[in-house]
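Coordinate-derived values only; no laboratory data. For clarity, every value in this text was computed on a predicted model and none was experimentally measured. Because the Cβ atoms are built from the backbone with ideal geometry, glycine has one as well, and the counts that use them run over all protein chains shown.
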Amino acid sequence: MISEMKDNKIHLVFDIGEYDPEVIDFLTFLEITSKSKATDEDIEGLSEEIKRNWWEENKKRFLGEDESGN
């Protein structure tokens, strides 16, 4: 691997067989989130909404209820 800092950027060069795709995913995540204007409160609210919606859509599977709620 070769790494180089130039201007305001870091350049990384890998041979194809030497890299871990999870590292690339993590670096992509850092790039995307660095541009986000979301606050921690925004993220927490979105997370709670997603969990709430998921539970409403899936609770019948876990509680064994039929369509009438029994």
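Note down the magnitude of the dipole of the chain about its Cα centre, charges +1 on Lys and Arg C-beta and -1 on Asp and Glu C-beta and zero elsewhere, to the nearest 20 debye.
120 debye
Quick one: angle between helix 21-34 and the longest Cα principal axis of the chain, in degrees between 0 and 90, rounded to 10, please.
Value to nearest ten degrees: 80.
Treating the angle as unsigned and between 0 and 90°, give the value, to the nearest 10°, between the Cα long axis of helix 40-63 and the longest Cα principal axis of the chain.
Between helix and principal axis, roughly 40 degrees.
What share of Cα pairs, in percent, lie more than 18 angstrom apart in the chain?
On the way: 1596 of 2415 pairs.
Of all Cα-Cα distances in the chain, 66 percent exceed 18 Å.
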